[in-house]
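See structure below.
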Amino acid sequence: MAFLPIDRKHANNNDGHIIKISDAEKHTGTTFEWDTFVVASRLRGTESTFTDPDGLATYADGRLFVMTDGGQPDGLQDQLLVADSRSEAELPEFFRLLVCVSGDEVTGFTMTPDRRTLFVNPQHPGNGDPAATSFPVEGGMPDGITVPRDATLVITRKDGGVIGSLSFPDV
């Protein structure tokens with residue numbers, strides 16, 4: 001197991017970061033190079049703001065999907081974002097695809113092979129507190145249980161396009 005050294009200029013980053021790792025031999029090598037893709041605290045105050053990246057999914061065309069779990073800044077809830085992993089920008093742009101209810105975590109990401117249908121799970125909405133979220137609806141569920149429940153969301157684009165392709169070329 002290799003441990004990556006902490007870059008001193010990022011040592012005080014409490015928001016998390018995403019690193020790029022390049023295997024020397026296309027996933028069979030014993031060495032790799034790495035670089036910081038984004039330090040989340042540097043995105044504070046921008047439209048790309050997020051913290052606590054907890055899950056990642058990437059595709060050959062450069063789409064990088066980021067799922068968060070933790071206290072989001074600026075009044076945001078946990079969210080699903082997409083960025084171009086090929087970006088060389090000092091601050092890559094992230095696009096928010098989904099913001100879930102209070103106290104949840106975005107997890108369980110997968111897509112169909114044509115990338116036109118996305119499945120994602122908001123987990124433990126409201127952290128089990130019915131007062132923390134509007135789900136389930138007022139008056140409770142037919143079975144009398146009012147604790148918010150995990151769910152699987154199925155997401156497609158209105159135009160039937162590839163999920164997360166707003167700023168990406170169709171490849």
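The values are calculated or read from the model by the stated rules, or taken from the named source; none is laboratory data. This is a predicted model, so every value here is computed, not measured. No Cβ is skipped: glycine too gets one built from the backbone with ideal geometry, and neighbour counts run over all protein chains shown. Accessible surface is based on the protein model in full, side chains and every heavy atom, while ligands, DNA and RNA are left aside. Shrake-Rupley method; radii C 1.70, N 1.55, O 1.52, S 1.80 Å.
Descriptive notes on the structure:
- Using all pairs of distinct alpha-carbon atoms, the Kirkwood hydrodynamic radius of the range 30-106 works out to 13.0 angstrom.
- Of the accessible area of the range 12-101, computed with a 1.4 Å probe over protein heavy atoms only, carbon and sulfur atoms account for 46 percent.
- Protection proxy ranking for 25-33, 95-103, using the average of other Cβ atoms within 10 Å per residue and placing the highest first: 95-103, 25-33.
- Residue-wise HN-Hα couplings along the range 49-58, as the Karplus relation 6.51 cos²θ - 1.76 cosθ + 1.60 with θ = phi - 60° gives them from phi, are 4, 7, 9, 6, x, 10, x, 10, 9, 9 Hz; Gly and Pro carry x.
- For the range 24-112, the relative contact order works out to 23 percent when only alpha carbon pairs closer than 8 Å and six or more residues apart are counted.
- Local net charge near Asp78, Cβ-Cβ under 12 Å (Lys/Arg +1, Asp/Glu -1): -4
- Each residue of the range 64-77 was assigned a 3J(HN,Hα) from its phi angle through the Karplus expression (A = 6.51, B = -1.76, C = 1.60, θ = phi - 60°), giving 10, 9, 10, 10, 10, 8, x, x, 7, x, 6, x, 7, 9 Hz with x at Gly and Pro.
- If you take all other residues with their beta carbon under 11 Å from the beta carbon of Asp54, and give Lys and Arg +1 and Asp and Glu -1, the sum is -4.
- Net charge of Cβ neighbours under 14 Å - reference Glu88; Lys, Arg +1; Asp, Glu -1: -2
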